[in-house]
Amino acid sequence: MTTNSLASKINEWRRYRASVRELSKLTDRELADVGVSRGSIEFVSRKAARASFRG
């Protein structure tokens with residue numbers, strides 16, 4: 001793994017953790033308003049982190 005790809009993976013992980021942290025603070029009602037269930041927070045966060053990485 002090159003230094004750039006390692007740095008990219010670290011940044012992706014940071015975006016993922018930030019997303020999980022923020023979504024976890026929301027109530028079930030607030031999550032429902034944005035179309036996310038509590039059980040899918042990690043999946044949605046992972047998908048968002050990868051999408052923002054790829055542009």
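Coordinate-derived values only; no laboratory data. Everything numeric in this text was worked out from a predicted model, so none of it was measured. Please note: Cβ atoms are built from the backbone with ideal geometry, for glycine as well, and neighbour counts cover all protein chains shown.
One line per residue, one yes/no per condition, for (1) assigned to a helix (DSSP H, G or I); (2) surrounded by fewer than 16 Cβ atoms within 10 Å (Cβ to Cβ):
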{"site": "Arg14", "(1), (2)": "yes, yes"}
{"site": "Ser19", "(1), (2)": "yes, no"}
{"site": "Glu22", "(1), (2)": "yes, yes"}
{"site": "Ala32", "(1), (2)": "yes, yes"}
{"site": "Gly35", "(1), (2)": "no, yes"}
{"site": "Ile41", "(1), (2)": "yes, no"}
{"site": "Arg46", "(1), (2)": "yes, no"}
{"site": "Ala51", "(1), (2)": "yes, yes"}
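Out of the stretch 1-12, which residues are without any contact (Cβ under 8 Å) to a residue 40 or more places away in the chain and part of a helix (DSSP H, G or I)?
Residues of the stretch 1-12 without any contact (Cβ under 8 Å) to a residue 40 or more places away in the chain: 1-7, 9-10.
Residues satisfying the conditions are Thr3, Asn4, Ser5, Leu6, Ala7, Lys9, Ile10.
Output the qualifying pairs, or none if there are none: Cβ atoms under 8 angstrom, residues six or more apart or on different chains, first residue in the stretch 20-37 and in contact (Cβ under 8 Å) with a residue 60 or more places away in the chain and farther than 20 Å from Arg50 by Cβ, second residue surrounded by fewer than 12 Cβ atoms within 10 Å (Cβ to Cβ) and of a type in the set (Asp, Glu). Between residues of the stretch 20-37 that are in contact (Cβ under 8 Å) with a residue 60 or more places away in the chain and farther than 20 Å from Arg50 by Cβ and residues that are surrounded by fewer than 12 Cβ atoms within 10 Å (Cβ to Cβ) and of a type in the set (Asp, Glu), there is no close pair.
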